[in-house]
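Undergrad: Sharing a structure, written as structure tokens. Questions coming.
Values in this text are rule-based calculations from the coordinates and carry no lab data. What you are looking at is a predicted structure, and each value in this text was computed from that prediction instead of being measured. Methodologically, a virtual Cβ is constructed for each residue, glycine included, from the backbone with ideal geometry; neighbour enumeration extends over all protein chains shown.
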Amino acid sequence: MAGSDGSRARTSPARTRADDVAVTGLGLVSAAGIGAEETWQRVTTTTSPSHVGPHENLRDLPCDFAYTVAGLDIDRWMDVAASRVLAPFARFAVVAAHQAVTDAGLDPEAWEGGRVAVVIGSSHGGITYHDEQQRVLAERGPRRVAPSMASAITVNSAAGAVCRALGATGPGLGISTACASGTDAIGTGLQLLRAGVCDVAVVGGAEAPCSRPLIASGCQMRAMSRRRDEPAAAMRPFDADRDGFVVGEGAGLLVLERGDHARARGAAPRAWLRGYAATNDAHSPVAPSPEGEGLEQALRSALRAADVAPAEVGHVNAHGTSTVLNDTIESAVLHRVCGEGPLVTSTKAMTGHTLGASGGIETALTVLALQHRSVPPTVNLEALDPRIAVEVVAKEARPARLECAVKTSSGFGGHNAALVLTTA
């Protein structure tokens, strides 16, 4: 339990309670890399993002560039027929799921499928598949529209595809809370495990958002960067000269297990998921609450659920969208709750803003930060906005004796979510 001075004994029984949930596997597909280790190396050692530039779907838009996945061999992970009926976001999810399960040392041929849940978040699901079929309809007529479109564009199609790929017959859920989707999917998996519904949960987020109408709308909102002449430097969270975000595609999935299940098979957890909370601002369809009350409530509630004092938080992988409002409000909330202690970063400058996938990708990177005891830098941060009230890691990775870290997320519709992870 937390003491009256905010301190906390490291041997607290809360660290080994019956409802422990372990993170035993990671899968990552993004512009920053394919696989957990490759992605970690690039995020921590590369000073400028790669695989960001003009995108064919976005030609002539004010924001015509994006972060894209490169070097992904889909045929290695799924057959052509299965791939053809899936939208790109679902393909990313299937690859990340196979990676995560392999990383966890689990064999889908041997597990009890009914005790395995799949929960995957996405903001826009198969929107690019929809756009493609809309073009087919306009140019070639209704008889040429793919019959698979009806199922491929739904947010839950990624979870369904992963269930089929892994033989998972427990709950298969699609979560959509805008840019908080991936984080809420992980939190939902935590709740299913603690409720005893399953022993294993494959959770996270997936997105392929390079839709022409969607990005045109984002440009109109002035939420997106217009640095067309320097796309690799456009995404700059917390920087005084930031002008919006750049979208990215990808997926980040984690394998969560009940602690007793992981221990029984001798698994070595990468980290422990201790707390989760979600709230809503009830304020605006798109703008965050000016004082950040909803995000603050989510963060405080997640810390209470984890039985962790704010002073224990050593690192925060922030939502950090490179927009003026989000970065300023989020940093104020982090300072109010955790003070000046945590080392804060936004890894979106390396992956792009992957919308509903961001919570999955960034939670996986938070787990890796705990394991490697190192905080990734916020790439492109040249001059910290003086309104940012927390210590943001820039330029290069920062070694740190991390034992507890937090992932925060927010999304259109007023959604907020927070996760608390520990090393033991």
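Undergrad: If you stretched the chain out fully between Ser48 and Lys395, how much longer would it get, using 0.36 nm times the residue separation minus the C-alpha to C-alpha distance? Walk me through the numbers before you get to the answer.
TA: Details: separation 347, 0.36 × 347 = 124.92 nm, distance 0.98 nm.
Contour length minus the Cα-Cα distance gives 123.9 nm.
Undergrad: Follow-up question, since we're still on this one. Scan around Ser374 for amide H atoms under 5 Å from its own, H built in the peptide plane at 1.01 Å from N, and keep only partners 5 or more places away or cross-chain.
TA: Excluding prolines and chain starts, which carry no amide H, the hits are Ala400.
Undergrad: Using the 10 angstrom Cβ neighbour count as an exposure proxy, how do His353, His55, His415 rank, fewest first?
TA: His55, His415, His353
Undergrad: Follow-up. Toward the positive end of the charge dipole of the chain, about the Cα centre and with charges on Cβ (Lys, Arg +1; Asp, Glu -1), which of Ala251, Pro285, Pro231 goes farthest?
TA: The listed residue farthest towards the positive side: Ala251.
Undergrad: I'd like to compare 121-128, 250-257: which one has the highest average count of other Cβ atoms within 10 Å, and what's the full order after that?
TA: Details: 121-128: 27.6, 250-257: 32.4.
Top to bottom by mean Cβ count within 10 Å: 250-257, 121-128.
Undergrad: While we're on this one: Pick out which of Leu384, Leu355, Leu28 has the largest mean-square fluctuation in a Gaussian network model of the chain, springs linking Cα atoms closer than 10 Å.
TA: Among Leu384, Leu355, Leu28, the largest mean-square fluctuation in the Gaussian network model of the chain belongs to Leu384.
Undergrad: Among Glu330, Glu38, Glu391, which comes first, then next, by fewest other beta-carbon atoms within 10 Å?
TA: Glu38, Glu391, Glu330
Undergrad: In a Gaussian network model over the chain where Cα atoms closer than 10 Å are linked, find which of Ala357, Ala185, Ala104 has the largest mean-square fluctuation.
TA: Judging by the Gaussian network model, the answer is Ala104.
Undergrad: Can you pull out the trypsin sites (Lys or Arg not before Pro) in the range 316-424 that DSSP calls coil and that have at most 12 other Cβ atoms within 10 Å?
TA: Passing both the DSSP loop test and the Cβ count: Lys395, Arg401.
Undergrad: Arrange the following residues from fewest to most other Cβ atoms within 10 Å of their Cβ: Ser30, Ser410, Ser331.
TA: Fewest to most other Cβ atoms nearby, the residues stand as Ser331, Ser410, Ser30.
Undergrad: Rank Gly114, Ser301, Ile388 by how far each Cα sits towards the positive end of the charge dipole of the range 13-422 (+1 on Lys, Arg Cβ; -1 on Asp, Glu Cβ) and give me just the farthest.
TA: The listed residue farthest towards the positive side: Gly114.
Undergrad: Once you put a point 7 Å from the Cα of Glu230 and another 7 Å from the Cα of His283, both along the Cβ direction, what distance in nm separates them?
TA: According to this spin-label approximation, the distance is 3.1 nm.
Undergrad: For a quick check, take a GNM of the chain with Cα springs below 10 Å and name the residue from Gln99, Gln134, Gln297 with the largest mean-square fluctuation.
TA: Sorting by GNM fluctuation, first place goes to Gln134.
Undergrad: Counting DSSP beta bridges with both partners in the chain, what percentage is antiparallel, nearest 5?
TA: Among the beta bridges of the chain, antiparallel pairing accounts for roughly 65 percent.
Undergrad: Which ³J(HN,Hα) values in Hz, rounded to whole numbers, follow from the phi angles of the range 290-296 under the Karplus curve 6.51 cos²θ - 1.76 cosθ + 1.60, where θ = phi - 60° and Gly and Pro get x?
TA: Couplings: x, 9, x, 4, x, 5, 4 Hz.
Undergrad: For the range 13-422, what does the equivalent ellipsoid look like in terms of its semi-axes, each the square root of 5 times an eigenvalue of the Cα gyration tensor, given largest first in whole Å?
TA: Values: eigenvalues 167, 153, 66 Å².
Semi-axes from the Cα gyration tensor: 29, 28, 18 Å.
Undergrad: Tell me the mean residue ellipticity at 222 nm calculated for the chain from its helices only (DSSP H runs of n ≥ 4, each -39500 (n - 2.57), averaged over every residue, nearest 500).
TA: -9500 deg cm²/dmol, from helical runs alone.
Undergrad: Relative contact order, percent, of the chain when contacts are C-alpha pairs under 8 Å separated by at least 6 residues?
TA: 23 percent
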